[in-house]
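Notes to accompany the following structure.
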Amino acid sequence: MKEIGTEVWQCNWEDLQAEVAACTACPLHQTRTQTVFGVGNRAADWLVVGEAPGEQEDLQGEPFVGRAGLLLNEMLRAIGLQREQVYIANILKCRPPKNRDPQEDEAAACEDYLKRQLALVQPKIILAVGRIAAQNLLKTTTPIGKLRGVVHDYQQVPLVVTYHPAYLLRSPLEKRRAWEDMRLALKTYRQSL
Ligand code: SF4
């Protein structure tokens, strides 16, 4: 019985991944090299949600690679997590041309995939990384500075906002605030257990 359940679970992931790989629901499919589905532990307590694939992500098919990815790994390590322990996905599964911000209709077209990933992972906490991820998940235009430091919720899962590591690479003085965010996320996670 357990094996059947496991098969169903895996099948759902495979179906979803295949659906995303073939998706043409918004114009971004025309310019992508490949879709960037998500990576990590599919039964993670932590779901990390970023913005959209950049150039390297589009080429490699994995979210948060390169220098920003390394910094994300460091942020996770600072609260005792290895990258492999969390699940990492983006608001958009395809790269916007020239890394422009996602458009509202693109984010809306792609959101169902993230919701289905969320339903499969069943995390205890969501870490929204960067303004675009936070504003899209929370359906708000509130600046990221005001979204930080508060525990929100998305689909009944607690959500904490922090800065995007690419922004932190440009503004290293903000790392102190990101550390505060990670501590809030850890505290929120512990309270959920
Ligand atoms: Fe489909 Fe999302 Fe890619 Fe748009 S960004 S084509 S909705 S997978």
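The values are calculated or read from the model by the stated rules, or taken from the named source; none is laboratory data. Note that the structure is predicted; figures quoted are calculated from it, not measured. Cβ coordinates were reconstructed from backbone atoms using ideal geometry, including for glycine residues, and neighbour counts include every protein chain displayed. Surface areas here come from the heavy atoms of the whole protein model, side chains and all, with no ligands, DNA or RNA. Shrake-Rupley method; radii C 1.70, N 1.55, O 1.52, S 1.80 Å.
Structural remarks
- Selection status of residue 84, open to solvent by 20 Å² or more (accessible area, probe 1.4 Å), within 13 Å of the ligand (Cβ to nearest atom), under 26 Å from residue 184 (Cα atoms) and assigned to a helix (DSSP H, G or I): no
- Filtering 57, 3, 62, 51 for residues that are open to solvent by 70 Å² or more (accessible area, probe 1.4 Å) and either within 16 Å of the ligand (Cβ to nearest atom) or at pLDDT below 95 (or both) leaves a single hit, 3.
- Within the range 54-79, being in a loop (DSSP other than H, G, I, E, B) and farther than 21 Å from residue 172 by Cα holds for 61, 62, 63.
- Residues satisfying the stated conditions in the range 119-143, i.e. buried (at least 20 other Cβ atoms within 10 Å of the Cβ) and either in contact with a strand residue (DSSP E or B) (Cβ under 7 Å, 6 or more places away or on another chain) or part of a loop (DSSP other than H, G, I, E, B) (or both): 121, 123, 125, 126, 127, 128, 129, 130, 133, 134, 137
- Members of the range 135-164 that are in contact with a Phe, Trp or Tyr (Cβ under 9 Å, 6 or more places away or on another chain) and more than 15 Å from residue 179 (Cβ to Cβ): 137, 138, 144, 158
- Hits in the range 27-79 (condition: within 22 Å of residue 191 (Cα to Cα), touching a residue at least 60 places away in the same chain (Cβ under 8 Å) and more than 16 Å from the chain's Cα centre (by Cα)): 78, 79
- The set of residues in the range 87-101 being touching a residue at least 24 places away in the same chain (Cβ under 8 Å), more than 8 Å from the ligand (Cβ to nearest atom) and not aliphatic (A, V, I, L, M) consists of 87, 90, 95, 96, 97, 99, 101.
- Only one of the numbered conditions (1) within 11 Å of the ligand (Cβ to nearest atom); (2) part of a helix (DSSP H, G or I); (3) farther than 24 Å from residue 13 by Cα is not met by residue 106, and that is (3).
- Test: residue in the range 151-164 that is closer than 24 Å to residue 69 by Cβ, open to solvent by less than 80 Å² (accessible area, probe 1.4 Å) and assigned to a helix (DSSP H, G or I): no
- In summary, residue 23 fulfils each of the numbered conditions (1) surrounded by 16 or more Cβ atoms within 10 Å (Cβ to Cβ); (2) away from the ligand (no atom under 11 Å from the Cβ); (3) of a type in the set (A, V, I, L, M, F, W, C) with the single exception of condition (2).
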